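Following: one structure in C-alpha cells, then a few remarks.
The values are calculated or read from the model by the stated rules, or taken from the named source; none is laboratory data. The model shown is predicted, which means the values in this text are computed figures rather than measured ones. Here the Cβ positions follow ideal geometry from the backbone for every residue, glycine too, while neighbour counts run over all protein chains shown. Each accessible area value is taken on the protein alone, full model and side chains, heavy atoms only, with ligands, DNA and RNA left out. Shrake-Rupley method; radii C 1.70, N 1.55, O 1.52, S 1.80 Å.
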Amino acid sequence: MTGHLGSTGMTPAMAAATATGAPIVELVDIRRTYRLGARELPVLKGIDLGIARGEFVALMGPSGSGKTTLMHIIGCLDRPDGGSYKLAGEEVSGLDDDRLARLRGRQVGFVFQFFNLIPQMTVTENVELPMLYLGVGAAERRRRALAALERVGLKDRVTHHPAQMSGGEMQRGAIARALVCEPSLLVADEPTGNLDSRTGAEIIGLFQELNALGLTVIMVTHDHGVAAKAQRVVRMLDGSLVASQARDQAEAGS
C-alpha cells in the first residue's frame, strides 16, 4: 500500500492541523446517559481526554465499555449530556444541529467496519457524496473524487460498483470518501474488522501514511495487533478511561 499517497504532501487541512500545539480533541468531564423507559443507563462517566493534532490513537475496551459512544461524540454524531468538548478549538456541546453538521463536515472523516458504500453507485459517486452535501459543484466533485481514489490506490477502479470490488478495495474507497473533504480528524470504527489479516495490515499501513502527513487518526478496535500500530492506546472499561499508554512506553515495558 505504500506509495499511493503521491508526492503532493500535506493537504491544507493537514498543514493547519499541525501548525499549532493545541489539542484537536479536548474532552472534559464528558457524561452520557441513555434512558430506557424509566431506567437510566450511564454509558460515559466523566471522561477527560486530550488528543494532540497529528496523533494516531487506538481506543480499546470490551463490549459495553462506552468506546463507541465516545467515538460518536468525538465525531459529532452524538451529544454528551454534560461536560465540555472542544473540536479544533471550537466548543461543540452547545451547537445546534445545523452548526454541528457543518463542523462535522469540515473537520471529521469517517471510516466504518462495513464500508457503508451505496451499492447502486460507483465508487467515484460514493466518494462524491460528502461534497454534494457541502454544495461543491459537479466538476469539482468529480475532480476531487478521482484524486482521492488515486491517492488510496484505486485509480483503476473508479467506474466499479461495490459488488465488483474486494473488501480491501471497498475499505480504500470508504477511506477516499472520508478524505475527500480534507478533514483534520479521521475517525475509524473497527476498520479492519471485516477484512482478512493481510488486507487489514494494508489498511492500517494506509492510516499510518496519512498520519505521517499530519492527519489525526482515532481508531476503535478490538484487535491488539492493530492497536499496537497506533502511537497511543486508550483503554475503557464500564464508561471510564482506565489506561492511556504510548507505544514507546508499551515497548519499553515488554
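Quick notes on this structure:
- 3J(HN,Hα) along the stretch 57-69: 10, 9, 10, 10, x, x, 4, x, 6, x, 5, 5, 4 Hz, from the Karplus curve 6.51 cos²θ - 1.76 cosθ + 1.60 with θ = phi - 60°, whole Hz, x for Gly and Pro.
- Under 17 Å from the T33 label point (7 Å along Cα→beta-carbon), backbone N, the stretch 88-112: none
- Rounded to whole Hz, the Karplus (6.51, -1.76, 1.60) HN-Hα couplings of the stretch 195-205, x for glycine and proline: 10, 6, 5, 5, 5, x, 5, 5, 5, 5, x
- Note that the chain carries a Kirkwood radius of 18.7 Å, evaluated over its alpha carbons pair by pair.
- Within the accessible area of the chain, the carbon and sulfur atoms contribute 51%, probe 1.4 Å, all protein chains present.
- Spacing of the two label points (7 Å from each Cα toward its C-beta) at D48 and M121, in nm: 4.2
- Judged by the gyration tensor of its Cα atoms, with axes a ≥ b ≥ c, the stretch 125-254 is prolate; a/c meets the 1.5 cut and a/b is the larger of a/b and b/c.
- Here D78 and Q245 are evaluated by their C-beta separation; at R0 = 35 Å the FRET efficiency comes out at 0.85.
- Ordering of 237-244, 74-81, 33-40 by packing is 74-81, 237-244, 33-40, highest average first (other Cβ atoms within 10 Å, averaged per residue).
- Taken along its three principal axes, the alpha carbon spread of the stretch 52-197 comes to 46, 38, 28 Å, from the longest extent down to the shortest.
- Spacing of the two label points (7 Å from each Cα toward its C-beta) at L213 and D156, in nm: 2.1
- Acute angle (nearest 10 degrees) that the helix 167-179 long axis makes with the longest principal axis of the chain, alpha-carbon atoms: 80
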